[in-house]
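The values are calculated or read from the model by the stated rules, or taken from the named source; none is laboratory data. All values derive from a computational prediction rather than experimental measurement. For neighbour counting, all protein chains shown are included, and Cβ atoms are generated from backbone atoms with ideal geometry for every residue, glycine included.
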Amino acid sequence: MKKLGSFVLCALLMSCSFSKNEKNGVTDATGKDSVDSAKQEVSVVEFNKELTYPGSKISFKVSTMGDSLMVQPSGLSISNETLRHDITGYTVVNAEIGDLNIDGYPEVLVYLTSDGSGSYGKLIGYSVNNGKSVSQVYLPDISENNEVNKGYMGHDEMAIVENTFCQRFPIYEEGDSNANPTGKTRQIQYKMVDGETGRILQIDKVVEF
């Protein structure tokens with residue numbers, strides 16, 4: 001009962017935490033369909049958010065430019081190199097910061113959804129190593145996990161709730177269209193563990209409601 005209660009709380013908090021950021025549009029004041037206006041449109045920053053963990057000097061600036069995602073750390077003692085990703089086919093919807101392994105140093109998580117009707121979720125994240133540098137955080141693909149992928153057809157929501165990463169999505173029954181799931185909602189709570197090349201979000205608890 002205690003576990004179920006914590007997941008209900010997680011679900012309620014996720015509803016408040018998850019919000020989709022809309023792209024900024026660009027208009028040509030001259031009304032001309034020119035090469036210059038096209039270049040201006042490409043150069044617009046579509047997502048821009050700066051995150052600082054409370055009580056820490058470490059922060060991250062998360063931004064997109066066209067099909068590129070930039071994560072710019074600051075306050076690290078060894079490396080503050082800009083981290084870049086090609087996000088072709090995806091849109092950044094939010095970014096959050098939290099301490100998932102409770103070591104006093106933050107993780108930054110960037111949430112993306114695939115373009116198109118499926119809206120499949122994707123995560124790009126980094127974990128701070130003792131205030132010096134960062135390691136990438138990996139989230140295994142739901143579609144590759146037979147324990148939790150039954151009825152999965154995208155439309156993920158992701159959020160950090162009380163320093164725990166949660167992911168939830170509607171469950172599709174046989175015959176459901178992508179726009180009309182009729183099953184329950186499956187919610188997964190993860191714990192972060194050390195891997196060979198980075199840190200991995202490993203499934204800890206699963207509940208359906």
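Within segment 177-209, the set of residues being in contact with a Ser or Thr (Cβ under 9 Å, 6 or more places away or on another chain), free of Cβ contacts under 8 Å to residues at least 40 places away in the same chain and farther than 24 Å from G125 by Cα comprises E208 only. Quick check: anything in segment 56-74 hydrophobic (A, V, I, L, M, F, W, C), loosely packed, with under 15 Cβ neighbours inside 10 Å, at pLDDT 50 or above and under 30 Å from V207 (Cβ atoms)? Looking through segment 56-74, none of the residues is hydrophobic (A, V, I, L, M, F, W, C), loosely packed, with under 15 Cβ neighbours inside 10 Å, at pLDDT 50 or above and under 30 Å from V207 (Cβ atoms). Note on segment 168-191: among residues that are modelled with pLDDT of 95 or more and aliphatic (A, V, I, L, M), the one that is nearest to V134 (Cα to Cα) is I188. Looking only at residues of segment 65-85 that are in a strand (DSSP E or B) and aliphatic (A, V, I, L, M), we find that the one that is farthest from V134 (Cα to Cα) is M65.
Look at segment 158-180 and say how many of its residues are under 17 Å from P140 (Cα atoms), among the aliphatic types (A, V, I, L, M) and touching a Gly at 6+ places or on another chain (Cβ under 9 Å).
Restricting attention to segment 158-180, the residues satisfying the condition of being under 17 Å from P140 (Cα atoms) are 158-160, 164-169.
Narrowing further to those that are among the aliphatic types (A, V, I, L, M): 158-160.
Among the residues that remain, those that are also touching a Gly at 6+ places or on another chain (Cβ under 9 Å) are: 158, 160.
Residues flagged as under 17 Å from P140 (Cα atoms), among the aliphatic types (A, V, I, L, M) and touching a Gly at 6+ places or on another chain (Cβ under 9 Å) within segment 158-180 amount to 2.
Annotation: L139 fulfils all but one of (1) over 15 Å from the mean Cα position of the chain (by Cα); (2) under 17 Å from V161 (Cα atoms); the unmet one is (1). Within segment 147-176, if we keep just the residues that are without any contact (Cβ under 8 Å) to a residue 24 or more places away in the chain and among the charged types (D, E, K, R), the residue that is surrounded by the fewest Cβ atoms within 10 Å (Cβ to Cβ) turns out to be E174.
Is it the case that segment 31-52 has a residue that's surrounded by 11 or more Cβ atoms within 10 Å (Cβ to Cβ), at pLDDT below 50, touching a helix residue (DSSP H, G or I) at 6+ places or on another chain (Cβ under 7 Å) and among the aliphatic types (A, V, I, L, M)? Within segment 31-52, none of the residues are surrounded by 11 or more Cβ atoms within 10 Å (Cβ to Cβ), at pLDDT below 50, touching a helix residue (DSSP H, G or I) at 6+ places or on another chain (Cβ under 7 Å) and among the aliphatic types (A, V, I, L, M). Taking the listed residues G183, G198, the one that is within 14 Å of Y138 (Cβ to Cβ) and surrounded by fewer than 20 Cβ atoms within 10 Å (Cβ to Cβ) is G198, with no other qualifying.
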